[in-house]
Amino acid sequence: MKSLERANFGTKLGVILATAGSAVGLGNVWRFPYMAGQNGGAAFILIYIGCVFLLGLPCMISEFIIGRHAASNTARAYAKLSPGTPWAIVGYLGVLTGFLITGYYAVVSGWCIQYIGASLLGHLHGDPEHVRHYFTAFSTNPLRPIIWTVLMLGISHIVIVHGIRDGIERASKMFMPTLFILLLIIVAASCMLPGGYKGIEYLFKPDFSKVTKDVFLGALGQSFYSLSIAMGCLCTFASYFSRQTKLPGTAVQIACIDTLVAILAGLMIFPAAFSVGVEPDSGPSLIFITLPNVFQQAFAQLPEVGYVISLAFYFLLSLAALTSLISLHEVSTSFFSEELHISRTWAATIVTVTCSVIGAFCSLSLGNTDSLTFAGKTLFDWFDFITGQIFLPIGGFFTCLFVGWYLPHKLVRDEYTNWGTLRGGMFHSYLLCVKYLCPLLIIMIFLHQLGFI
Ligand code: PHE
């Protein structure tokens, strides 16, 4: 496909909603609120916002610059901007990371669908042991989770084959506002519960004494993951941006939406949890074991409301996961379509089929089988570890070096300022960040995640 014929997002809103759709995902719901509550409330939130500005935004803008300038898939983008050099490997790594994450992210997305059904049919009712057992039995079942994984990939497949404007942009314009409305409804219901104020206090009460080195490094890692950096998603989406799209402004808006959703997720979870005296945890057990119990108990007097809230919550989660999955799917689809010179439909089919197989193996590895467990970790955990803890920091690190040290400054400035039509007031600070600060922070995240610091 020649770059001149390349598809574009049609509207500014489409750009923002699609890219924010990638950023807003499970991480906003199952990790951020817990980190904030545990690590000093408002003090953590302030630090997190600092991390977003100093690390997340410069990395995001850098990927936008590469993607829009090259107007091609992530692997080719790096190769195009640095012909004949090993920098192309960074692009390939981005695509590989996106591809591998697609498979196992689809598994967890599929769990959300199962829970929509379970809420609808009232299967989550019962004592806490019942809910825990329900989750264990379901997630280790050899068939069910695979069906939902394939369904999620199938939905993202259908969106993607419709193209950028009619597929991804249109879907984002439907899904994202729906997600916001559901979020606000659940926040309102949760905050009105008796005793809910304790949850609000827990989330916001500033306690700087809890801010340690680990908290700071955790916030850095979370800002990186939450903004979908170094997975090829941002670079791929930016290749569909028009020349009018303001890269720094767009990045700021997306970061604000992502952070706002993360904070609102806290307001959805904590008041309900505290109203029934439950201290919330994080990760899959929070959303699949703790929260079903919380919703049930919190709305025990009004079971109909509890029913609707629980349904709305899993629907919201599924939407958040789906929009992230679409962006991941697109990374590999655009790669295969452009590199193998095949249609989007064929390329998407390759991705859907291969990722279904990866997802199936990841899901099976959670069952009671030892054959998919290596060195004490399931295949699922290995995918999570290799992509999240190894590939992501490496990709992000080299992307910063590429933009900060390798690309001509004129090219970077032209993209940043839309060829001189924007003031580009923060350009120097941005450049300082990508040259020095971000690579340093990413090395720190890397070492921290591996337990060295
Ligand atoms: N940013 C997403 C989140 O917060 C995670 C994600 C991972 C999105 C991979 C896209 C790709 O959950």
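Read the figures in this text as sums done on the coordinates, not as results from a lab. These numbers were taken from a predicted model, which means no experiment stands behind them. Virtual Cβ from ideal backbone geometry, glycine too; neighbours counted across all protein chains shown.
Given a Förster radius of 35 Å and the C-beta distance between His133 and Ala188 as r, what FRET efficiency does 1/(1 + (r/R0)^6) yield to the nearest 0.05?
Numbers: r = 32 Å, r/R0 = 0.91.
The pair His133/Ala188 has a calculated efficiency of 0.65.
Could you rank the peptides 179-187, 214-222 by their average count of other C-beta atoms within 10 Å per residue, with the highest value first? Mind dumping the intermediate values first?
Numbers: 179-187: 18.8, 214-222: 20.3.
Output ranking for 179-187, 214-222: 214-222, 179-187.
Helix-only estimate, please: 222 nm mean residue ellipticity of the chain, summing -39500 (n - 2.57) across DSSP H runs of length 4 or more and dividing by its residues, to the nearest 500.
Per the formula, -22000 deg cm²/dmol.
Ranking request for peptides 414-426, 134-146: highest mean number of other beta-carbon atoms within 10 Å first, then the rest in descending order.
134-146, 414-426
Calculate the spin-label point distance for Val353 paired with His428, positioning each point 7 Å from the Cα along the beta-carbon direction, and give it in nanometres.
5.6
At what distance in angstrom do the alpha carbon centres of region 288-335 and region 431-453 lie from each other?
Between the Cα centre of region 288-335 and that of region 431-453, the gap is 33 Å.
How many nm is it between the label spots at Ile158 and Thr421, if each spot is 7 Å from the Cα in line with the beta carbon?
Modelled inter-label distance: 3.8 nm.
Along the Cα→Cβ direction, 7 angstrom out, place labels at Lys435 and Phe208. What is the inter-label distance in nm?
With each label placed 7 Å out from Cα toward Cβ, I get 3.2 nm.
Working out 0.36 nm times the residue gap between Val305 and Thr345, then minus their Cα-Cα distance, what length gain in nm do you get to one decimal?
Details: separation 40, 0.36 × 40 = 14.40 nm, distance 4.21 nm.
Difference between extended and current length: 10.2 nm.
Output the peptides 398-410, 298-310, 31-43 sorted from most to least packed, where packing is the average of other Cβ atoms within 10 Å over each peptide's residues.
Numbers: 398-410: 18.4, 298-310: 16.6, 31-43: 21.2.
With the highest mean Cβ count within 10 Å placed first, the list reads 31-43, 398-410, 298-310.
Take Phe446, Phe224 and order them by how many other Cβ atoms sit within 10 Å, fewest up front. If you can, show how the numbers build up before the last one.
On the way: Phe446 19, Phe224 25.
By the 10 Å Cβ count, ascending, the order reads Phe446, Phe224.
Suppose every Lys and Arg Cβ carries +1 and every Asp and Glu Cβ carries -1, with no other charges. What dipole size does region 12-449 come out with about its Cα centre, to the nearest 20 debye? Could the numbers behind the result be given before it?
Numbers: 22 positive and 20 negative charges, 234 e Å.
Approximately 1120 debye in magnitude.
Trypsin sites (Lys or Arg not before Pro), restricted to region 200-264: which are DSSP loop and have at most 13 other Cβ atoms within 10 Å? Please report the intermediate quantities before stating the final value.
On the way: sites: Lys210, Lys213, Arg243, Lys246; in loops: Arg243, Lys246.
Passing sites in region 200-264 are Arg243.
What helices does the chain hold that run 30 Å or longer along their axis, going by alpha-carbon atoms, with a Kyte-Doolittle average of 1.6 or more, using DSSP H for the helix calls? Intermediate results must be reported in sequence, preceding the final value.
Values: long enough: 88-120 (48 Å, 1.38); 170-191 (32 Å, 1.72); 247-275 (42 Å, 1.70); 303-339 (54 Å, 0.97); 344-365 (31 Å, 1.25).
Answer set is 170-191, 247-275.
Grab the Cα-Cα distance for Leu260 and Asn141, subtract it from 0.36 nm times how many residues apart they are, and report the gain in nm with one decimal. Walk me through the intermediate numbers first.
Numbers: separation 119, 0.36 × 119 = 42.84 nm, distance 3.57 nm.
Using 0.36 nm per residue and subtracting the Cα-Cα distance, I get 39.3 nm.
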